[in-house]
Amino acid sequence: MTTPRHGSTETQLARLVRDRNWTVDDLRHTYTATSKKMELNNTVSDRQAKRWLAGMSTPHPSARRVLQEMFHLPISDLLAPADPGYRESQGPTPPALSPRRHPTHVQSEDEPQAREEVSPSRRRDLLGTGVILAASATTASAAAPVDATTRAAAISRAIATSEPDPLSVAQLQHGIQRLNQIYATTPHTALIGPVEDAWDFAEAHLESRVTGTSRRDLELLAGQYSFYRGYLAFDTGDDDGALTFLVLAAQHARAAGNPLLAESAALIRSAVAFFQNDFDTAATVAASALETAQPYTTPLLAAAAARAHAQRGDANSAQQALDTMRDNVWTGRPLFGGEIGDEEHCEGYTAVVLGYLRRGSEAEPHARRSLTLLEGTGRYMSAAGSHLALARALLYRDRPDPEQAAAAVIDAINITDGKDSTIRRASGIYHRHLSTRPAWAALPSVRDLGDRLPAPRESSGKTIV
């Protein structure tokens, strides 16, 4: 068993566990027993328990109720840094720890391992619910084997107590519905913590023996929260994190049999490749998913494919993908993924693609139409993208207007409050176009833009002009 670690940032929860001389398994065992008495039937995985102790994860509402019952302290106090002067005797008497089911046995290096012994990692695989079973009592003595019937009964009880409580699942589902509505209008840094906690909760339950409909529900929820965590990582400049979570989301999508989730993950994976200047991969990922896409994701994937083809210089494929996008505009309510292939989206991406194809005069009215449709929606990232598309259109039209292009870039920066991804794209437009011509560089709005941007780096892997 593992004893909880402690240090200078020890939580009050970890302090109380240490004061009681508990191991992590003791905490999990008592948590399960307390939850059962409260008729919640919750369990906690080894990983989740350690994250609570380290203050790295906030327990879900039903888990908070169990912890408060166990320690007779508000959850805010339990997760706060430990009070050096606090002793548990100052508070109400906590429920007693259930007695250990076997004496502690320290095995020497030369002593052969008991035939039936279950290692800690194997115990987590076998009994993911965290229930400490009498079947592990063979660590005390090889002379007292446990019969298979007793072990089977114990495993059966572990399976029976592994189901998440319905309220927790309902709250996770409601969280996804809320994310679908607010993702495009909420600062992304405010979403990372709640999304990660919800994802961790779903994954922890999947590590247990949850089965049937509950498992399918949790597979989908874990995948949906993995998707949003990956999307947040991408939007905040963490491409490694984005790729990891998006691949995980696709795996959950396959397990849950949910094509909408799989296609949404492919959409953002294409975006990750695109902004790494890997246009071939971006086009391949989007086009592959587009072949069997659901109606909801068809305009989104078509737009992603068109953008990548345009940057590859394949005007015919870009135009075909644009036509597919326009023929499949989504007119229903938002379903999943933070984006919606509605009229505004199609206007904005038409401007983007035509701008990359250097057809600025055609792109300009689409960019302006997109900005008009975005007024009052709060979709700040979409608005920034349309301002940048307008800037490219103004530079690539028959009579370029560098001063208005610089003003459009400044508008994009202001809308996103200097967000890194916007700054990178703004820098590409400035350093590759506006600052290269002395007459343009001397214009007031161009100078103003230059003052807002960092100096160009030698190897900018994510500069999209």
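The single condition among (1) touching an Asp or Glu at 6+ places or on another chain (Cβ under 9 Å); (2) modelled with pLDDT of 90 or more that R151 does not satisfy is (2). Within the range 396-421, if we keep just the residues that are touching an Asp or Glu at 6+ places or on another chain (Cβ under 8 Å) and in a helix (DSSP H, G or I), the residue that is nearest to A303 (Cα to Cα) turns out to be S421.
Within the range 288-340, the set of residues being touching a residue at least 40 places away in the same chain (Cβ under 8 Å), surrounded by fewer than 17 Cβ atoms within 10 Å (Cβ to Cβ) and assigned to a helix (DSSP H, G or I) comprises just one member, A315. For the range 1-26, the set of residues classified as in contact with a Gly (Cβ under 9 Å, 6 or more places away or on another chain) and modelled with pLDDT of 85 or more consists of T11, L13, A14, D25, listed by residue number. All told, L246 meets the bar of being buried (at least 21 other Cβ atoms within 10 Å of the Cβ), in a helix (DSSP H, G or I) and of a type in the set (A, V, I, L, M). Out of everything in the range 13-60 that is in a loop (DSSP other than H, G, I, E, B) and β-branched (V, I, T), what residue ends up being surrounded by the fewest Cβ atoms within 10 Å (Cβ to Cβ)? Only one residue tops the list, namely T23.
Report yes if R358 is in a loop (DSSP other than H, G, I, E, B) and either among the basic types (K, R) or within 17 Å of A282 (Cβ to Cβ) (or both), otherwise no. Yes.
For L434, the conditions (1) modelled with pLDDT of 90 or more; (2) under 19 Å from P454 (Cβ atoms); (3) out of contact with any Ser or Thr (no Cβ under 7 Å at 6 or more places or on another chain); (4) surrounded by fewer than 22 Cβ atoms within 10 Å (Cβ to Cβ) are fulfilled apart from (4).
Pairing residues of the range 357-377 that are over 15 Å from R399 (Cα atoms) and modelled with pLDDT under 95 with residues that are surrounded by fewer than 18 Cβ atoms within 10 Å (Cβ to Cβ) and among the β-branched types (V, I, T), at Cβ distances under 9 Å and at least 6 apart in sequence or on separate chains, gives T377/T185.
The values are calculated or read from the model by the stated rules, or taken from the named source; none is laboratory data. From a predicted model like this one, the values you see are computed outputs, not experimental measurements. Here Cβ is always computed from backbone atoms with ideal geometry, including for glycine, and neighbour counts include all displayed protein chains.
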